[in-house]
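Structure, as structure tokens:
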Amino acid sequence: MEAILQFIYVNAEALFIVILSIFLGIEVISHVPAVLHTPLMSGANAIHGVVVIGAIIVLGHAETGLSMVLGFFAVLLGTLNVVGGFVVTDRMLEMFKKKPKK
Amino acid sequence: MDRIIEFSKHVQFTFGDSVLEIFYLIASVLFIMGLKMLSHPDSAKKGNLWAAAGMVIAIVATLLLHRHNGQKMGNFGLIFFAISIGTIVGWIIARRVKMTKMPEMVSIFNGMGGAAAALISLMEFPHINKELIAQHGLLNWQALVIFLGLIIGSVSFAGSIIAFGKLDGRIKDIRSLTLRIVNIFMVIIIVALTIYIMTRGNVDPAELSPLVYALLAISLIYGVLFVMPIGGADMPVVISLLNSFTGIAAAMGGFLYDNLVMLTGGILVGSAGTILTFLMCKAMNRSLLNVIVGSFGGGTVAVETEQGSIREISLIDTAILLTYSRKVMVVPGYGLAVAQAQHLAYELDSILQDKGVDVKYAIHPVAGRMPGHMNVLLAEADVPYDKLLESDKANDEMESVDVVIVIGANDVVNPAAEDDPSSPIYGMPIVKTLKAKNVIVMKRGMGKGYAAIENSLFNHEKTRMLFGNAKETLQKLITEVKNI
């Protein structure tokens, strides 16, 4: 119980952000046309690649060999998520551009 | 005020830290704006670039400015090496992959993010704050977010890989009651093991490493078993769900490092992904629980096999029927996508258009393998937006349609969804092809759709079957129509 209260106290601002972000996420998504569901999912997929920042921090402070190897893979996979995610989304959305008739 | 003073005692204010927070704030705003713009067709492409810009800002700022307990980061060589490989490989894969394989790509990249989150937790576990442990043992909030990140991240990773395999057709559905029980059992083990580790009291976390690795292994197995029984047709829902899982796992990292951009980005995706998952379920008229339990189709469902007479139609008859129609509705499905026949479909459309036929497309929300997937494919073939009708609208117009051509679609036009309460897809909204005057079904053979159930549409008196690969058949059909 004390641990929970401490968590709330230490992370009060973070918890506010979490609650507000939840509402924000719902608000942003709820009026999206079905046409954009796939690109939107893909775009959101790229955004959670933000986890790569945690990976960079962890690798940046890694000291043992094992943690360097694991950290290396974490950064690598996180980067794949970010780059692949944004590029795939961009390609999907390219299809929606109104192209002049050839 | 007191709190600020107290707070400032704990925080060593440095110039770099505050600049870093400003960059994180900018990145978070760019994520939100990007996501918002992504939900409108006109601004979507720009929205994606904005979000990408936010990501670049956040990463570069972290590299330059991040300090941990006043310590600068090291291992820059390794970091840049990993980022370079990730960028090059990610870029090449994403550029080269075929448009039909997009859902697979989203799934695999989602898995990568989940794995990264799990690895972070794995590495941070031995570094839990010593003071916290002295105070509460392992029953503290840092341990909690680390375990949540580990479990959610690895379930998301393993699940995404299985989802990828299923979309790719490499992994078959496995359904059994035993598996369902095993899955429930797995959840209990994961929760129990987490509680066991967290109640070990004041110990050095390093001693518990084997247990943490066991937790990782069990979570990975659960991720596999979780997706195993879910039908291939439901993969979009699952991917969307796993997508929001990875978002939450990333947010756990945000808590751990007190890193606000990870927190905002992660939670934003977590909540948006959850809503998107529900929207998709709604489009199929099914509950999320129903999807997860995996009751769709399969051997357990008693299927009445009324083998009515199947009537075929020749290419030339089809061509004549189409040319002399006033209004034609195309119902594309995954078969069209797999055969890469979207360009041919539009070519046929243009030729018919020149002959004075009004051609429209009825897009079912779950046509293809993901909501909106079919729109992306048809847009690739230059089909104008105003020709694409959502299924409700298409159904309203259906009575005035002379010919409906179903190309490689099955479940989304199955009348059982409307009139057979015993059917597993009962209640799912469908494209009501039978309201039109004629129905032509273009299909490779009499195989069942993804939901693996009979389709009485094929036996209906209005229906004619045109067997063959979608691409070849369309090609021949175009030639025939041109000759008329």
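Laboratory data are not the source of any read-out in this text; all were calculated from the coordinates shown. Everything numeric in this text was worked out from a predicted model, so none of it was measured. Heads up, the Cβs are rebuilt from the backbone with ideal geometry, glycines too, and the neighbour counts pull from every protein chain shown.
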- [ ] Grab the DSSP H runs of chain A that are 4 residues or longer, score each as -39,500 (n - 2.57), total them, divide by all residues and round the 222 nm result to the nearest 500 deg cm²/dmol.
- [x] -25500 deg cm²/dmol
- [ ] Using only Cα atoms, locate the centre of region B:32-50 and the centre of region B:317-358, then give the distance between them in Å, rounded to an integer.
- [x] 32 Å
Open item on the list: Let me test this: with uniform point scatterers at the alpha carbons of region B:384-484, what is the Debye-based log₁₀ I(q)/I(0) at q = 0.24 1/Å?
Closed with: -1.40
- [ ] Please give the average number of partner chain Cβ atoms lying within 10 Å of the Cβ of each residue in B:41-47, rounded to a whole number.
- [x] 6
- [ ] At 10 °C and 1.306 mPa s, grab the translational diffusion coefficient of region B:315-483 from Stokes-Einstein with a Kirkwood Rh over Cα pairs, rounded to a whole number in µm² per second.
- [x] 102 µm²/s
- [ ] Enter the mean projected area of the convex hull around the alpha-carbon atoms of the protein assembly as shown, in nm², rounded to one decimal.
- [x] 27.7 nm²
Open item on the list: Less than 13 Å from a label point 7 Å out along the Cα-to-Cβ axis of residue B:213: which backbone N atoms in region A:65-79 qualify, by residue?
Closed with: A:66-67
Task: At R0 = 60 Å, FRET efficiency that the Cβ-Cβ distance of residue A:31 and residue B:71 yields, to 0.05 - done: 0.85
- [ ] Report, in degrees rounded to the nearest 10, the 0 to 90 angle that the Cα long axis of helix B:76-96 makes with the longest principal axis of chain B.
- [x] 10 degrees
Task: Computed helical MRE - 222 nm, chain B, DSSP H runs ≥ 4 contributing -39500 (n - 2.57), nearest 500 - done: -19500 deg cm²/dmol
Open item on the list: Residue by residue through B:126-138, how many Cβ atoms from other chains fall within 10 Å of the Cβ on average?
Closed with: 1
Open item on the list: Placing +1 on the Cβ of each Lys and Arg and -1 on the Cβ of each Asp and Glu in the protein assembly as shown, which of A:11, B:159, B:109 has its Cα farthest towards the positive end of the resulting dipole?
Closed with: B:109
- [ ] For region A:33-102, give the magnitude of the charge dipole about the Cα centre (Cβ charges: +1 Lys/Arg, -1 Asp/Glu; no others), in debye to the nearest 20.
- [x] 720 debye
Task: Virtual spin-label span in nm between residue B:18 and residue B:185, 7 Å along Cα→Cβ - done: 5.9 nm
Task: Helix axis angle, B:141-167 relative to chain B longest principal axis, alpha carbon, degrees - done: 20 degrees
TODO: Compute the long axis of helix A:37-47 from its Cα atoms, compare it with the longest principal axis of the Cα atoms of chain A, and write down the angle in degrees, 0 to 90, nearest 10.
DONE: 40 degrees
- [ ] Please work out how much length the chain gains when fully extended from residue B:135 to residue B:462, using 0.36 nm per residue of separation minus the C-alpha to C-alpha distance, in nm with one decimal.
- [x] 110.2 nm
Task: Stokes-Einstein D in µm²/s, Kirkwood radius over Cα pairs - chain B at 20 °C with 1.002 mPa s viscosity - done: 85 µm²/s
Open item on the list: With θ taken as phi - 60° and the coefficients 6.51, -1.76 and 1.60, list the Karplus ³J(HN,Hα) couplings across region B:318-329 in order, rounded to whole Hz; mark glycine and proline as x.
Closed with: 4, 4, 5, 4, 5, 5, 9, 8, 8, 9, 10, 10
- [ ] In whole Hz, with x marking every Gly and Pro, tabulate ³J(HN,Hα) for region A:20-26 from phi via Karplus 6.51 cos²θ - 1.76 cosθ + 1.60, θ = phi - 60°.
- [x] 5, 5, 4, 4, 4, x, 5
- [ ] Starting from the Cα of residue B:316, move 7 Å in the Cα-to-Cβ direction to define the label point; list residues of region B:461-484 whose amide nitrogen is under 16 Å from there.
- [x] B:476-484
Task: Efficiency of FRET between residue B:343 and residue B:282 - r from beta-carbon atoms, R0 25 angstrom, step 0.05 - done: 0.20
Task: Residue-by-residue Karplus 3J(HN,Hα) for region B:105-119, coefficients 6.51, -1.76, 1.60, Hz, glycine and proline x - done: 5, 4, 4, 5, 5, 4, x, 4, x, x, 5, 4, 4, 5, 4
TODO: Go through B:46/B:355; B:98/B:443; B:172/B:437; B:45/B:476; B:45/B:482 and tell me which ones have a Cα-Cα distance over 27 Å in this structure.
DONE: B:46/B:355; B:172/B:437; B:45/B:476; B:45/B:482
- [ ] Quote the FRET efficiency, to the nearest 0.05, computed for residue B:396 versus residue A:2 with a Förster distance R0 of 51 Å and r equal to the Cβ-Cβ distance.
- [x] 0.25
Open item on the list: Averaging over every viewing direction, what projected area does the convex hull of the Cα atoms of region B:107-296 cover, in nm²?
Closed with: 10.4 nm²
Task: Magnitude of the charge dipole, the protein assembly as shown, Cβ model with Lys/Arg +1 and Asp/Glu -1, debye to 20 - done: 1300 debye
- [ ] With a point put 7 Å past each Cα toward its Cβ, work out how far residue B:25 is from residue B:170 in nm, to one decimal.
- [x] 4.6 nm
Task: Test item: Cα-centred dipole of region B:107-296, Lys/Arg +1 and Asp/Glu -1 on Cβ, debye - done: 640 debye
Task: Shielding by other protein chains, B:205-214, mean Cβ within 10 Å - done: 0
Open item on the list: Can you give the log10 of the normalised intensity I(q)/I(0) at q = 0.15 Å⁻¹, computed with Debye over equal Cα scatterers of region A:33-102?
Closed with: -0.58
